[in-house]
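The values are calculated or read from the model by the stated rules, or taken from the named source; none is laboratory data. Since this is a predicted model, take the numbers as computed values, not measurements. Positions of Cβ are backbone-derived with ideal geometry, glycine not excepted, and every protein chain shown enters the neighbour counts.
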Amino acid sequence: MHMTITDDFSALGLSEQMLTAVRAKGFETPTAIQKLTIPHLLTKTNDIIAQSQTGTGKTAAYGLPILQSLEPARGPVQAIILVPTRELALQAAEELLSYNREKRLSITAIYGGAAMSEQLRRLAKGVDIVVGTPGRVLDHIRRGTLKLENVRYLVLDEADEMLNMGFVEDVEEIMSHTSEERRVLLFSATMPERIIRLSKTYMRDTEIVRVENKQLTTDLTEQIYFEVREADKFDALTRIIDVEPEFYGIIFARTKIGADETASPPAAMPPRCCTATSRRPSAKRYSASSATARSISSSPPTWRRAASTWAI
């Protein structure tokens, strides 16, 4: 579809309150997906499918118009945002809160792996916007602690990832609990056939806005690969880390055992790394990674390999 592209947030139709929040975060120029979707969401009422790569500012693209259009009520939930993982739920909720300082809407994240009691307490007090993973959102719906009949906005963020992870039936059941008057905003990096079928069943008068992918990686990213024998991988990795000054990184391993072995240095080397696998409870993964990050930032590393935070 053709839409006018602007190069300044002030030209997108945002209120002064929202513009102040954007400027407070240091943003000056909207991304391509924000330029396309923000004016659309503020001036029209139909459902949309927005296609753009991950990491292009999609949370602000839907979050700013939603925050602007809602008023604090702490009553029935006004907006529900579904994301595929706990990490994305936390990230999206934190970003929405950062734009919400003046508006003071009640925003909370609900996800598996966290204490149900705290989530129940927050929902009982009344929440305007819920960001959650499909499984935990369904848990609350079935308990009767989350009602979506009055939802005005239903957002599917990273929709293709949710479908790839097997959440199709969960998403459809959640959507069935919302009223026909709600507005559906679907954001996805790709457009598989399953999303098209979902939109035909649960969305109305749908428009597609699309950002063309001009490049797969940023110019600031240098990509290098090394071919080594399996038995030599660890030695090769440590040499690369030794060469790079103050190395900080994320290392992905194929298996949980491989992650543990990679993160366990020889006894003479002080470890400043942690693993984040499904073997460890979510709370322990986060506390370990946070402690590692604090350890690295609080004192200069004496061993260059120790200057990395490894989340595998």
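Determine, yes or no, whether Pro39 is surrounded by 23 or more Cβ atoms within 10 Å (Cβ to Cβ), part of a helix (DSSP H, G or I) and not polar (S, T, N, Q).
Working: surrounded by 23 or more Cβ atoms within 10 Å (Cβ to Cβ): no; part of a helix (DSSP H, G or I): yes; not polar (S, T, N, Q): yes.
In short, no.
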Answer yes if at least one residue in the stretch 91-99 is closer than 24 Å to Tyr202 by Cβ and not in a helix (DSSP H, G or I), and no otherwise. no
A careful count of residues in the stretch 213-241 that are among the acidic types (Asp, Glu) and modelled with pLDDT under 75 gives 2
Which of the residues that make up the stretch 109-129 are in a loop (DSSP other than H, G, I, E, B) and free of Cβ contacts under 8 Å to residues at least 12 places away in the same chain? Ala115
Options Thr20, Thr31, Thr59: the member that is modelled with pLDDT of 90 or more, surrounded by fewer than 15 Cβ atoms within 10 Å (Cβ to Cβ) and polar (S, T, N, Q): Thr20
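May I ask you to verify whether Leu146 is modelled with pLDDT of 95 or more, under 20 Å from the mean Cα position of the chain (by Cα) and buried (at least 19 other Cβ atoms within 10 Å of the Cβ)? Spell out how you get there, then give the answer.
Values: modelled with pLDDT of 95 or more: yes; under 20 Å from the mean Cα position of the chain (by Cα): no; buried (at least 19 other Cβ atoms within 10 Å of the Cβ): yes.
No.
Out of Leu105, Leu156, I need the residue that is surrounded by 17 or more Cβ atoms within 10 Å (Cβ to Cβ) and in contact with an Asp or Glu (Cβ under 8 Å, 6 or more places away or on another chain). Which one?
Working: Leu156 fails: in contact with an Asp or Glu (Cβ under 8 Å, 6 or more places away or on another chain).
Going through Leu105, Leu156 in turn, the sole match is Leu105.
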Single condition Ala79 does not satisfy, out of (1) within 14 Å of Glu158 (Cα to Cα); (2) modelled with pLDDT of 95 or more; (3) crowded, with 24+ Cβ neighbours inside 10 Å: (1)
Pairs with Cβ under 8 Å, 6+ apart, first in the stretch 227-239 and in contact (Cβ under 8 Å) with a residue 40 or more places away in the chain, second surrounded by 13 or more Cβ atoms within 10 Å (Cβ to Cβ) and in a helix (DSSP H, G or I): Thr238/Arg305
Ser10 vs (1) outside any loop (DSSP other than H, G, I, E, B); (2) in contact with a Pro (Cβ under 9 Å, 6 or more places away or on another chain); (3) more than 30 Å from Gly112 (Cα to Cα); (4) of a type in the set (Gly, Ala, Ser): all pass except (2)
Determine whether Arg136 is of a type outside the set (S, T, N, Q) and more than 29 Å from Arg204 (Cα to Cα). no
Matching entry among Gln119, Gln68 (being under 21 Å from the mean Cα position of the chain (by Cα), of a type in the set (S, T, N, Q) and within 29 Å of Arg23 (Cα to Cα)): Gln68
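Can you find, within the stretch 197-212, the residue that is nearest to the chain's Cα centre (by Cα) among those that are part of a loop (DSSP other than H, G, I, E, B) and hydrophobic (A, V, I, L, M, F, W, C)? Walk me through how you get there before you give the answer.
Keep residues of the stretch 197-212 that are part of a loop (DSSP other than H, G, I, E, B), which gives 203-206, 211-212.
Now drop any that are not hydrophobic (A, V, I, L, M, F, W, C), which leaves 203, 211.
Values: Met203: 22, Val211: 19 Å.
Looking at the filtered set, the residue picked out is Val211.
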Go through the residues of the stretch 130-137 one by one and say whether even a single one is surrounded by fewer than 23 Cβ atoms within 10 Å (Cβ to Cβ), assigned to a helix (DSSP H, G or I) and either of a type outside the set (D, E, K, R) or touching a residue at least 40 places away in the same chain (Cβ under 8 Å) (or both). yes
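When only residues in the stretch 138-153 that are free of Cβ contacts under 8 Å to residues at least 40 places away in the same chain and among the charged types (D, E, K, R) count, which is farthest from Phe167 (Cα to Cα)? Give the steps one after another, and end with the answer.
Looking only at the stretch 138-153, we keep the residues that are free of Cβ contacts under 8 Å to residues at least 40 places away in the same chain, and these are 138-145.
Add one more test, that the residue is among the charged types (D, E, K, R), and what stays is 139, 142-143.
On the way: Asp139: 14, Arg142: 16, Arg143: 19 Å.
Only one residue fits best here, namely Arg143.
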